[in-house]
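Chemist: The structure that follows is given in the form of structure tokens.
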Amino acid sequence: MRNEGPCVKYEDLKEDMLTTFAEGSVALESLLKYCYSKHVITRACCAGHAEVKLKVPQIGFAIPMEQAKIMEGVIGKLFSDAGMKERIVVKIRKEGEDFVAFYYLNDLTEQVREGFFNCIREVIANALDYDDVYTSVFSGLFEAYKNIGDSSLEIKKDGISVIVSSPEVSYFQMKNGTYVEVPKELAEELAKTEQIFTMPIQCIKEKIAPEDIGKFISNNRNFSNSGL
């Protein structure tokens, strides 16, 4: 089952809509209904569709600073799972004073997908119902991220990429996998040819290896009280 309907504002949501949004995933439906009952704001979600390119299981959250530790716990838990961390990608961006984070699973297997959504629900529920916040090397990440300027983060098994966009230069990936910089005017022309260049990509400003994540966070945090 695929849901192709429009996004719905939280204040317009009704609980029975969440079953449709879950697209047949029992675990995703449970996660959505729990978040709805606790006023945790979700963004787009997907149970994953083999017939649609890039439609992997995923869910996004709008994250105020007071919920940052919970969502750091979700990241930590997912990447601590030996069977899942190879397949996880987390993308985070700033939105005013708050954050948006999307969690992706590059696996369409039903058992792995249900485990992915159940894992996220478990971490959030333990934090909200029992004040049991999952801690890991990612604890403090959102506070550190808030202090490093205009950028977004991408987290994979091999570490964290700090990604920025350049107003002067577009970045293109060539067929051999290497990246080249081209002026915007030329980039627009090259994109029209559809030959060796793909769509513009953002530039990785900094890459933090897994063993350096704790140091990266401690170097950028201001250690203010960020709440739950």
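The values are calculated or read from the model by the stated rules, or taken from the named source; none is laboratory data. For clarity, every value in this text was computed on a predicted model and none was experimentally measured. Using ideal geometry, Cβ is built from the backbone for each residue, glycine included, and neighbour counts are taken over all protein chains shown. Ligands, DNA and RNA are stripped out before the accessible areas are found, and what is left, the full protein with its side chains, is counted by its heavy atoms. Shrake-Rupley method; radii C 1.70, N 1.55, O 1.52, S 1.80 Å.
Chemist: As a quick test, which of the pairs Lys77/Lys215; Lys33/Lys146; Lys14/Lys91; Lys55/Lys205 have an alpha carbon distance above 24 angstrom in this structure? All intermediate terms of the calculation are to be shown ahead of the outcome.
Modeler: On the way: Lys77/Lys215 19 Å; Lys33/Lys146 29 Å; Lys14/Lys91 28 Å; Lys55/Lys205 27 Å.
Result: Lys33/Lys146; Lys14/Lys91; Lys55/Lys205 exceed 24 Å.
Chemist: In addition: Report the one residue of Cys46, Leu31, Thr19 whose Cα lies farthest in the direction of the positive end of the charge dipole of segment 1-154 (charges on C-beta: Lys and Arg +1, Asp and Glu -1; origin at the Cα centre).
Modeler: Ranked along the dipole, the leading option is Cys46.
Chemist: Suppose accessible area is computed on protein heavy atoms with a 1.4 Å probe; arrange Leu128, Leu141, Leu13 from highest to lowest.
Modeler: Numbers: Leu128 65, Leu141 0, Leu13 30 Å².
Ranked from most to least accessible, the order is Leu128, Leu13, Leu141.
Chemist: Under a 1.4 angstrom probe, counting protein chains only, how are Lys157, Lys85 ranked by accessible area, largest first?
Modeler: Values: Lys157 115, Lys85 75 Å².
Largest accessible area first, the residues go Lys157, Lys85.
Chemist: Subtract the Cα-Cα distance of Ile148 and Leu108 from 0.36 nm times their separation in residues, and report this length gain in nm to one decimal.
Modeler: Working: separation 40, 0.36 × 40 = 14.40 nm, distance 3.45 nm.
Length difference between fully extended and current span is 10.9 nm.
Chemist: List every residue whose amide H lies under 5 Å from the amide H of Leu13, counting only residues 5 or more places away in sequence or on a different chain, with H placed 1.01 Å from N in the peptide plane.
Modeler: For Leu13, no residues qualify.
Chemist: Determine the equivalent ellipsoid of segment 29-153 by diagonalising the alpha-carbon gyration tensor, then write out the semi-axes as square roots of 5 times the eigenvalues, largest first, rounded to whole Å. Mind showing how you got there, number by number?
Modeler: Numbers: eigenvalues 95, 57, 42 Å².
Listed largest to smallest, the semi-axes of segment 29-153 are 22, 17, 15 Å.
Chemist: Just to confirm a number: summing +1 for Lys and Arg and -1 for Asp and Glu over residues other than Ala27 whose beta-carbon lies under 12 angstrom from that of Ala27, what do you get? If you can, show how the numbers build up before the last one.
Modeler: Values: positive: Lys33, Arg113, Arg121; negative: Glu23, Glu29, Glu110, Glu114, Glu122.
Value of the local net charge: -2.
Chemist: Mean separation of Cα pairs under 8 Å and 6+ residues apart, divided by the residue count of segment 48-144: what relative contact order is that in percent?
Modeler: Numbers: 139 pairs, mean separation 36.5, N = 97.
So the answer I get is 38 percent.
Chemist: Figure the gain on full extension for Glu15 and Asp131 (residue separation times 0.36 nm, minus the Cα-Cα span) and round it to one decimal in nm. If you can, show how the numbers build up before the last one.
Modeler: Numbers: separation 116, 0.36 × 116 = 41.76 nm, distance 2.53 nm.
Full-extension gain reported as 39.2 nm.
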